[in-house]
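The values are calculated or read from the model by the stated rules, or taken from the named source; none is laboratory data. For clarity, every value in this text was computed on a predicted model and none was experimentally measured. Reconstructed Cβ throughout: ideal geometry from the backbone, glycine too, with neighbour counts over all protein chains shown. SASA here: full protein model, heavy atoms, side chains in, ligands and nucleic acids out. Shrake-Rupley method; radii C 1.70, N 1.55, O 1.52, S 1.80 Å.
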Amino acid sequence: MNLAEQSWMAVRDALAGGARVAAILPCGATEAHGPHLPLNTDVIISEGMARRAAALLADEGLHAWVLPSLAYAPAEYAAAFAGTVSVSVASAKALILDIARALKAQGFACLALANSHFDPANVSMLRAAADEIRALGLPV
């Protein structure tokens, strides 16, 4: 289920097997979530969502790989708190688009974004990225 734990041959064979293969990208942020939660709270939630989605898809006979998590995003709302690492909208969007292009070139059928980081700049960026990914011909 986790792409990074597979060999390249296993992924190649899954993509060549004739069935449609989906990719799920957990998206979060490294940011403060109060004094009681870890900085990677969003990532933990998104990874759980992605694993659950992949399992539900498997129950329906569809194959999905969970990609390594994207742990950096626009996070200016929490920038005043130590440990928050915010990246620009342009950087985050460019990375997601590069990931989508790579997946499309390899033959993935679609890309799902499992996001739990709701900073308005991040949500706006993800929506814009999704539009551009669809324009590339990869359902998202």
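Taking the chain as the reference, fit the longest principal axis to its C-alpha atoms, fit the long axis of helix 89-106 to the helix C-alpha atoms, and give the angle between the two in degrees, 0 to 90, nearest 10.
Once rounded, the angle reads 10 degrees.
Ignoring any ligand, DNA or RNA, what whole percent of the accessible area of segment 7-140 comes from carbon and sulfur when the probe is 1.4 angstrom?
Details: 4340 of 6980 Å².
Carbon-and-sulfur percentage of accessible area, whole number: 62.
Per residue, how much accessible area does the chain show when a 1.4 Å probe rolls over the protein heavy atoms, in square angstrom?
Details: 7450 Å² over 140 residues.
Here the per-residue accessible area is 53 Å².
What does the chain give for Rg and for Dmax, in Å, if only its C-alpha atoms count?
15.5, 49
Taking only Cα atoms, what is the 0 to 90° angle, nearest 10, from helix 120-135's long axis to the longest principal axis of the chain?
Once rounded, the angle reads 20 degrees.
Let's see if you can work this out: charge +1 on each Lys and Arg Cβ, -1 on each Asp and Glu Cβ, no other charges. What is the dipole magnitude of the chain about its Cα centre, in debye to the nearest 20? It would help to have the intermediate numbers written out before the result.
Details: 9 positive and 12 negative charges, 69 e Å.
Here the size comes out at about 340 debye.
Ala100: net charge of surrounding residues, Cβ under 13 Å, Lys/Arg +1, Asp/Glu -1, itself excluded? Numbers along the way, then the final one.
Numbers: positive: Lys93, Arg101, Lys104, Arg134; negative: Asp98, Asp131, Glu132.
Surrounding charge for Ala100 is +1.
Report the local net charge at Glu31: Lys and Arg +1, Asp and Glu -1, summed over other residues whose C-beta lies under 11 Å from its C-beta. Spell out each step's value before the answer.
Details: positive: none; negative: Asp42, Glu76, Asp119.
Residues close to Glu31 contribute a combined charge of -3.
Separation of segment 43-61 and segment 1-24 by C-alpha centroid, Å?
15
What residue among Ala79, Ala92, Gln106 has its Cα farthest toward the positive end of the dipole of segment 39-115, where the charges are +1 on Lys, Arg and -1 on Asp, Glu, each on the Cβ?
Gln106
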